[in-house]
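A.B. asks: Structure in structure tokens, see below.
No value in this document is a laboratory result; all are computed from the given coordinates. If you're wondering where the values come from, they're calculated on a predicted model, not measured in any experiment. Every residue, glycine among them, receives a Cβ derived from its backbone with ideal geometry; neighbour counts consider all protein chains shown.
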Amino acid sequence: MKNWDGRALVETSWLAANLDDPNLRIVDASIVMAKTEDGNWAASSGRGDFDAGHIPGSQFIDLLTEIHDPASPLNFTLPGPESFAQAMGERGIGDEHMVVVYANAVPWWATRFWWMVKANGHDKVAVLDGGFKKWRAEDRPVNNLPADLPGAVFTPRRRPELIADKDKVVATLAAGTGAVINALSPQLHRGESDLGYGRPGRIAGSVNLSSLALIDQKTGAYLPEDELRRVVEESLGRVDGEAICYCGGGIAATMDALILDLLGYKNVSVYDASLQEWAADHSLAMETG
């Protein structure tokens, strides 16, 4: 793979130069979000948009129905390692492949898949900076042809240190070391609006790093690295120890995790169940304001 430096983001120019590499696997992980009559948000598959046009050689993977734990009562839960490995292998993603993932609109679906791949021990994975929006704006090639990929072997090497549960969150808060980081908007963090998880607000003691503050709203690309560092430091201050990212359902949290990884932070994990679990358990403290 030409000139990949191991970073969590790759540029559109890099992907365009590597489209013909046989060890490249490109994934569209788009989900469409639509506001419902009650003011909440409903998720639906982005497959229709993918079928209408996508980056050549890419395949669509549906995080709503294909790559999740069907036994979990929660949405989008990370599947077990063997199940995830089987799903990757069936889609032609193996140990030898470099994976680049993008989304059509909201970038956190791409980072969600990036985190799932990383959490299963595969380091050769990156997110396309700016996603399909930037790719199209630059008039790069698009087609609607299916990817013809042979099966592969993906070896699961689950990394529990990248995956947080509520006990880990409680322990981190009790120890007073590290940071529990809310990736939702400042309004949701303060409890001024509600995602419908039962209790508004944030995990008590958590800090806010809004995932949407990490991107250029016009281009959809991430801010320059020096600007990202400034935003992160102003939001979080000094982080010693564990950094646990959360949101409503463990999706936007992966954007924070990706940027912290990009900036060289260590011990970064994602609370997979996030507020859909925490807010429903009234023994767990939340706060507003």
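A.B. asks: Which is the longest run of the chain containing none of the trypsin sites (Lys or Arg not before Pro) found in DSSP loop states (not H, G, I, E, B) with at most 11 other C-beta atoms within 10 Å? Intermediate results must be reported in sequence, preceding the final value.
C.D. replies: On the way: sites that count: Lys2, Lys218, Arg238, Lys266.
In the chain, the maximal stretch lacking such sites is 3-217.
A.B. asks: Measuring from a point 7 Å past the Cα of Asn75 along Cα-to-C-beta, which residues in segment 269-289 have an amide N at less than 14 Å?
C.D. replies: Correct set: 273-277.
A.B. asks: OK, next. What is the Cα radius of gyration of the chain over 2.2 N^0.38 Å, N being its residue count?
C.D. replies: Taking N as the residue count of the chain, the ratio is 0.97.
A.B. asks: Using only DSSP helix segments of four residues or longer, with each worth -39500 (n - 2.57), what per-residue ellipticity at 222 nm results for the chain after dividing by its residue count and rounding to 500? Don't skip to the answer; put the middle values down first.
C.D. replies: Details: 10 runs with 84 residues, N = 289.
Rounded to the nearest 500, it is -8000 deg cm²/dmol.
A.B. asks: At Leu19 and Ala147, where each label point lies 7 Å from the Cα along Cα→Cβ, what is the point-to-point distance in nanometres?
C.D. replies: 1.5 nm
A.B. asks: Give me the extension gain from Leu223 to Glu66: residue separation times 0.36 nm, minus the current Cα-Cα distance, reported in nm with one decimal.
C.D. replies: Numbers: separation 157, 0.36 × 157 = 56.52 nm, distance 3.11 nm.
Net length gain for the segment: 53.4 nm.
A.B. asks: Taking segment 6-100, which GluC sites (Glu not before Pro) meet the DSSP loop condition and have no more than 15 other C-beta atoms within 10 Å? Walk me through the numbers before you get to the answer.
C.D. replies: Values: sites: Glu11, Glu37, Glu66, Glu82, Glu90, Glu96; in loops: Glu11, Glu37, Glu66, Glu96.
Listed in order of number, the matching sites are Glu11, Glu37, Glu66, Glu96.
A.B. asks: May I pose another question? On a 0 to 90 degree scale, rounded to 10, what angle separates helix 166-175 from the longest Cα axis of the chain?
C.D. replies: 50 degrees
A.B. asks: Another question, if that's okay. Estimate the FRET efficiency between Asp167 and Asp194 by the formula 1/(1 + (r/R0)^6), using the beta-carbon distance for r and 25 Å for R0, to the nearest 0.05. List each step's numbers first, then the result.
C.D. replies: Working: r = 25 Å, r/R0 = 1.02.
Result of the calculation: an efficiency of 0.50.
A.B. asks: Of all GluC sites (Glu not before Pro) in segment 175-246, which ones are in loop regions per DSSP and have a Cβ with at most 15 other Cβ atoms within 10 Å?
C.D. replies: Here the GluC sites (Glu not before Pro) that fit, given the DSSP loop and packing criteria, are Glu192.
A.B. asks: Among the lysines, which have Cα under 29 Å from the Cα of Lys266 when same-chain residues fewer than 8 positions away are ignored?
C.D. replies: The qualifying lysines are Lys2, Lys118, Lys124, Lys166, Lys168.
A.B. asks: Next up: Using a cut-off of 19 Å between alpha-carbon atoms, which aspartates and glutamates can reach Lys134, once sequence neighbours fewer than 8 places away in the same chain are excluded?
C.D. replies: Here the aspartates and glutamates satisfying the reach criterion relative to Lys134 are Glu11, Asp28, Asp49, Asp51, Asp216, Glu225.
A.B. asks: Related question: Which residues does a label at Asp281 reach in segment 45-82, if reach means a backbone N under 14 Å from a point 7 Å past the Cα toward the Cβ?
C.D. replies: 73-74
A.B. asks: As I understand it, the value is the acute angle between the Cα axis of helix 81-90 and the longest principal axis of the Cα atoms of the chain; what does it come to in degrees, rounded to 10?
C.D. replies: Value to nearest ten degrees: 20.
A.B. asks: Using Cα springs under 10 Å in a Gaussian network model of the chain, which residue among Ala87, Ala137, Ala273 shows the largest mean-square fluctuation?
C.D. replies: Of Ala87, Ala137, Ala273, the Gaussian network model singles out Ala137 as fluctuating most.
A.B. asks: Under 17 Å from the 7 Å Cα→Cβ point of Glu11, by amide nitrogen: which residues of segment 94-118?
C.D. replies: Output list for this probe position: empty.
A.B. asks: Can you give the extra length, in nm with one decimal, that the chain gains between Glu90 and Ala204 once fully stretched, where that is 0.36 nm per residue apart less the Cα-Cα distance?
C.D. replies: Working: separation 114, 0.36 × 114 = 41.04 nm, distance 4.16 nm.
Taking Glu90 through Ala204 to full extension adds about 36.9 nm, to one decimal.
A.B. asks: Here is a further query. Please give the charge dipole size of the chain, origin at the Cα centre, charges +1 on K and R Cβ atoms and -1 on D and E Cβ atoms. Round to the nearest 20 debye. Kindly include the intermediate steps, with their values, before the conclusion.
C.D. replies: Working: 26 positive and 40 negative charges, 43 e Å.
My answer is approximately 200 debye.
A.B. asks: Here's something else I'd like to know. How many percent of all Cα-Cα pairs in segment 1-154 sit more than 26 Å apart? Could the numbers behind the result be given before it?
C.D. replies: Working: 2568 of 11781 pairs.
For segment 1-154, the share of Cα pairs beyond 26 Å comes to 22 percent.
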